[in-house]
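Since the structure comes first, as structure tokens, the remarks are kept for the end.
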Amino acid sequence: QHQPTPASDVFEYVLARNNLAMDHAASRDVQDIGRLPHVPSKPSLLRYTVNNAPPWGTCLLLGTQHYLTMLGSTVVIPSLLVPVMGGNTKDLARVIQTIFFVSGINTLIQTTIGDRLPIIQGGSFSFLQPAFAIIAQIKAGQSFASEHDRFLVTMRELQGSIIGSSFIVMFIGYSGLMGALL
């Protein structure tokens, strides 16, 4: 016998809501598609949805949890990259400060004008391998007067690579190519 879990209940709720929307759209004119019949705003097992706000005490606890989760990647990623790039402890501190600042700006944008999900936009470990490849190529292919000079050149190369790849990802997303590729 199937035992319902919170995940399966949410899945069944989303599936039922989508089926209801498609049935409604099929039975109406094209102008009526945007108006759906009443559907409950949250499944029974969810305490809060995107439109609900928990009490302040819970918000503070959840915010602290997000901060502690983010702190790990925000400190570990620069701690792995900066020494290999030729940076010193001051450079490491600046990179960590920059990541905290940019993550805060991205999170504010995402939670106000984005999709309003309560997640922190931070660094990703998935980009470490390409970053190490770029660092190794720069170290092997060029000579520098000091390790700090190598750090500055490597940082510029990594920033340019990230900006360029971001534009490619944005183009693929906004052009609809991802739907065609899948």
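Between Thr98 and Leu61, residue separation times 0.36 nm minus the direct Cα-Cα distance comes to 10.8 nm. Along its first, second and third principal axes, ordered by size, region 75-182 spans 46, 30, 17 Å in Cα coordinates.
Relative to the present Cα-Cα distance, how much length would full extension add between Ile163 and Val84 at 0.36 nm per residue of separation? Extra length available between Ile163 and Val84 comes to 26.3 nm.
The length gained by stretching the chain between Met178 and Leu117 to full extension, at 0.36 nm per residue less their Cα-Cα distance, is 19.7 nm. Residue ranking by accessible heavy-atom surface, 1.4 Å probe, largest first, among Leu92, Leu158 comes out as Leu92, Leu158.
The values are calculated or read from the model by the stated rules, or taken from the named source; none is laboratory data. These numbers were taken from a predicted model, which means no experiment stands behind them. Side chains included, ligands, DNA and RNA excluded: accessible areas come from the protein's heavy atoms. Shrake-Rupley method; radii C 1.70, N 1.55, O 1.52, S 1.80 Å.
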